[in-house]
Structures are given as structure tokens and as C-alpha cells.
Amino acid sequence: MKKLAVILGAIGLIVVLGVVAAVGFYNGLVTKTTNIDGQWAQVETQYQRRFDLIPNLVNTVKGLFEQEQTVFGDIAEARTRYSGAKTVDDRAAAAGEIEGALARLLVIVESYPEIKSDTAVVGLMDELAGTENRVSVERRRFNDLVKDYNTAIKRIPGSLIAPIFGFSERAFFEAVEGSEAAPTVEF
């Protein structure tokens, strides 16, 4: 009887430890996903700052340079697509479109000294450069959290426990295809 009690006690202890470990791992994954979601909110905060600055820059440049309506239209369309995006991946793609149109606008500004020297444009471009740096930092932080989470669910015991609770791999923020090439603007 004593031997059976010891065996049952050991089995019970192993089950309790397993449950405690699984609960701890689950709570860790919940924390990681919450951190990823919070970090994405930081990325979107910086996007919003960028989106608030872009119309000011566009309007200032428009007043100085009327012939590049295509770029202004592209920026407006990309902002609209971003506002309507429902998923992180859709928002990231729309943000990439904005970056492409913005890069073309900056090429225009750089090409024309009368625009480049305007005080309002200079101030807005400085603000935009600061915002772009913030966006880059927040994206890096987001990707770091995603990497940590994805590693946790791919390693044992994560690979065994995560699917049971519905945790799956999260997507990294990646550059939009073609972003490695500098934009060209022809006049």
C-alpha cells in the first residue's frame, strides 16, 4: 500500500508540475502576444504622426510647385488604403505605398532649390525625417518581439503547447517589394 501511495503521489506531483509549467508557458505566450500588439500600436502611432505631417508638406510643396499632381494623388490614395486596411499585413503594405510616394515627393523637393529652401518645407522635412527615424525604431522593436515570440512557439515545449491553445506564428514587418531601389522622378 505504501508503495502504491508513493507511486500515485509521484504521478500526481508530475501532473501538477506539468499543469503548472503549461499554465506558465501559456501566460508567457499571452504576455508576448500582448507585447507584440502593443508594439504594433507604437508603429501605428508613428504612422499617424507621419500621416499628419504629410498633408502639411504636400500642401506647402503644392503651393510652390503645381505640376507634380501625380505624386500628390498617390499619397492621398495610399493614405486612404491605409485607413481602410483591416490587418497588420494590409496596413504594412499600405504604409509601404505611402513610403514610395513620399520618396518620390522628397526627390522632387531635393531637385528644386526654390522648394528646398522654403522655410516651411525645411521645417516639415525635418519633422518628417524625425518621424521616419521613429517609425524605423518602432518597426525594429516590433520585429524583435515577433522574433522572440516565434522562437518561443517553435521550440519545445512551445511547439507542443502553442497549437493546443491556438497560438500561431506572427508575421514580421518586411519592406515592400522594390523599396531597395531609389525612386526616379522624370520631368
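The alpha carbon convex hull volume per residue for region 2-161 rounds to 105 Å³.
Could you compute the net charge surrounding Arg134? Neighbours are other residues with a C-beta less than 9 Å from the C-beta of Arg134; K and R count +1, D and E count -1. Could the numbers behind the result be given before it?
Values: positive: Arg49, Arg50; negative: Glu132, Glu138.
That works out to 0.
Counting other Cβ atoms within 10 Å, keep those with at most 15, restrict to DSSP loop, and tell me which GluC sites (Glu not before Pro) in region 1-109 are left. Passing sites in region 1-109 are Glu66.
For Ala78, what is the net charge nearby, where nearby means another residue's Cβ is under 10 Å from its Cβ and Lys, Arg count +1, Asp, Glu -1? Present the calculation step by step, with values, prior to reporting the outcome.
Working: positive: Arg79, Arg81; negative: Asp74, Glu77, Glu97, Glu99.
After counting each charged neighbour, the total is -2.
Read the figures in this text as sums done on the coordinates, not as results from a lab. Keep in mind the model is a prediction, meaning the values are calculated, not measured. Note: ideal-geometry Cβ built from the backbone for every residue, glycine included; neighbour counts use all protein chains shown.
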